[in-house]
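The values are calculated or read from the model by the stated rules, or taken from the named source; none is laboratory data. What you see is a predicted model; the values in this text were computed from it and never measured. Glycine gets a Cβ as well: all are built from the backbone with ideal geometry, and neighbour counts include every protein chain shown. For the accessible areas, the whole protein counts, side chains as well, though only heavy atoms, and no ligand, DNA or RNA atoms are used. Shrake-Rupley method; radii C 1.70, N 1.55, O 1.52, S 1.80 Å.
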Amino acid sequence: MAQTLPKVAGVELNHETKVFINTTPTEETATYKSMCNAFKNCANALNENVYSASYLSDGGYSSSTVTGFQPTITLQGDFMSSDPVCAYLDKIQWSPGAARVTDIKMNRNGQIVTCPVTLTQIAIAGGESTAPNSVTVVMAMNGKPTVEAGELDDAGEKKSG
């Protein structure tokens, strides 16, 4: 007789999400490094632009439509100076403009999302005296991301087959 699994056995877990960031955006060849080593929390927001209108014929009720997006991905974790992503963020945190522009690859639920991003709200340090320094970054997508089916390997490359 087959075992019956509870509904919760089929939920997607956050640790199944992979995020890679290009730590050499000004070089000819991109170097993608995993953000999964120092970061513990990943949250996506579409930040929708919504147009709402109430027409005379609607009897006082409104209708809405999504007209655009400014997607962001926020990651939080522990600052580790030996981690290449933490070192990259530490290097650029006080630099405005082009130094904050790079690109990312994110893999979850069988989809690969790639997009140029601007790194905002970089914050390194904070917390209790006996706690590790924290690191936070918000990645604001620049333009429409590319979404394709597939899986990324541990180096951030698309798996074949």
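Listing for the model above:
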item: Size of segment 90-146 as Cα extents on the principal axes (Å, biggest first); result: 42, 31, 13
item: Candidates I21, I104, I92, ranked by Gaussian network fluctuation over the chain, Cα under 10 Å, top entry; result: I92
item: Of S64, N49, P84, farthest towards positive along the dipole that unit charges on Lys, Arg, Asp, Glu beta carbons give the chain; result: S64
item: Rh (Kirkwood; distinct C-alpha pairs) - the chain, Å; result: 18.1 Å
item: Cβ charges +1 (Lys, Arg) and -1 (Asp, Glu), total dipole of the chain, debye; result: 120 debye
item: 3J(HN,Hα) from dihedral phi, segment 97-102, Karplus parametrisation 6.51/-1.76/1.60, rounded to Hz, x for glycine, proline; result: x, 4, 5, 8, 9, 8
item: Over segment 10-63, volume per residue of the alpha carbon convex hull, in Å³; result: 188 Å³
item: Point-to-point label distance, N37-K144, nm (Cα→Cβ direction, 7 Å offset); result: 3.6 nm
item: Note, ³J(HN,Hα) from phi for segment 24-37, Karplus 6.51, -1.76, 1.60, rounded to Hz, x at Gly and Pro; result: 10, x, 9, 8, 5, 10, 6, 10, 8, 10, 5, 9, 8, 7
item: Within the accessible area of segment 118-161 (1.4 Å probe), percent carbon and sulfur; result: 49 percent
item: Options P96, M1, V19, ranked by Cα towards positive dipole end of the chain, top entry (Cβ charges); result: M1
item: For segment 1-95, average projected area of the Cα convex hull in nm²; result: 13.9 nm²
item: Of the chymotrypsin sites (Phe, Trp or Tyr not before Pro) in segment 6-85, those whose Cβ has at most 15 other Cβ within 10 Å and which sit in DSSP loop; result: Y55, Y61
item: In Å, descending, principal axis extents of the Cα set of segment 66-161; result: 46, 33, 24
item: Per-residue ³J(HN,Hα) for segment 71-77, Karplus 6.51 cos²θ - 1.76 cosθ + 1.60, θ = phi - 60°, Hz, x for Gly and Pro; result: x, 9, 10, 10, 10, 9, x
item: Too-long pairs where the Cα-Cα distance tops 20 Å, listed order kept, from K18/K158; K33/K105; K105/K159; K18/K105; K18/K91; result: K18/K91
